[in-house]
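Engineer: Shown below is the structure under consideration.
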Amino acid sequence: MPADEKLFLVFKSLFLVGESIRLAKLALDNNPPPNEEMELRDHLSDLQSFKEELVALRDALERGEPFPPPPPSLMQEASALTAQVEQARLDGAAAGASLALAGQVIDFGLRVMSGALEPGSG
């Protein structure tokens, strides 16, 4: 995968995380039940931390540091998740849907980051 595509994947991941953060905040504004509110706040914290890690990865890629090629399916998954997150935001950010999507985005992002953290990769 050319460096431009790797950088694009990281930017797409950053977009997904940013939209998921917005979605979680919208869901919190909809006064979810206490147990969902606590889980949303936990996901929101995870997403914020993950955003910082992705920014560091983006900066490393822009400096030309090595990053192993992720599987092609990750790009397809990024597109599908982007559509789901956008639709959930348009639908009013119900807490249950926001929780599920935040979990999917975190899982997706961890798979993107795991390739960057493998020793000897690149």
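Engineer: Excluding Met75 itself, calculate the net charge of residues whose Cβ lies under 9 Å from the Cβ of Met75, where each Lys or Arg counts +1 and each Asp or Glu counts -1. Don't skip to the end; give the middle numbers.
Structural biologist: On the way: positive: Lys12; negative: Glu5, Glu77.
With Lys, Arg at +1 and Asp, Glu at -1, the net is -1.
Engineer: From the phi of every residue in the stretch 13-21, what ³J(HN,Hα) in whole Hz does the Karplus formula 6.51 cos²θ - 1.76 cosθ + 1.60 yield, where θ is phi - 60° and glycine or proline is x?
Structural biologist: Karplus-based 3J(HN,Hα) across the stretch 13-21 equals 5, 4, 4, 4, 5, x, 5, 5, 4 Hz.
Engineer: For the stretch 3-117, take the alpha-carbon Rg, divide it by the Kirkwood Rh, and send me Rg/Rh. Numbers along the way, then the final one.
Structural biologist: Working: Rg = 14.4 Å, Rh = 14.3 Å.
Ratio of gyration radius to Kirkwood radius for the stretch 3-117: 1.00.
Engineer: As an exercise, use a Förster radius of 25 Å and the Cβ-Cβ distance of Gln76 and Arg22 to find the FRET efficiency, rounded to the nearest 0.05. Could the numbers behind the result be given before it?
Structural biologist: Details: r = 23 Å, r/R0 = 0.92.
The formula returns an efficiency of 0.60 here.
Engineer: Work out, step by step, the length gained on full extension between Phe15 and Ser114: first 0.36 nm times the residue separation, then minus their alpha carbon distance; give nm to one decimal.
Structural biologist: Going from the current span to full extension adds 33.8 nm.
Engineer: As I understand it, the dipole of the stretch 3-117 uses +1 on the Cβ of Lys and Arg and -1 on the Cβ of Asp and Glu, about the Cα centre. Which of Gly103, Ser45, Pro66 lies farthest toward its positive end?
Structural biologist: Of Gly103, Ser45, Pro66, it is Pro66.
Engineer: Hey, got a sec? Which trypsin sites (Lys or Arg not before Pro) in the stretch 16-75 land in a DSSP loop and have at most 11 other Cβ atoms within 10 Å? Display every interim value, and only then the final one.
Structural biologist: Working: sites: Arg22, Lys25, Arg41, Lys51, Arg58, Arg63; in loops: Arg63.
The qualifying sites are Arg63.
Engineer: Treating only the Cβ of Lys, Arg, Asp and Glu as charged (+1, +1, -1, -1), what charge dipole size does the chain show about its Cα centre? Round to the nearest 20 debye.
Structural biologist: Values: 10 positive and 19 negative charges, 36 e Å.
Around 180 debye, computed over the chain.
Laboratory data are not the source of any read-out in this text; all were calculated from the coordinates shown. Just so it is clear, the structure is predicted and the values come from calculations on it, not from any experiment. When we count neighbours, we look across all protein chains shown, and the Cβ atoms used for this are built from the backbone with ideal geometry, even at glycine.
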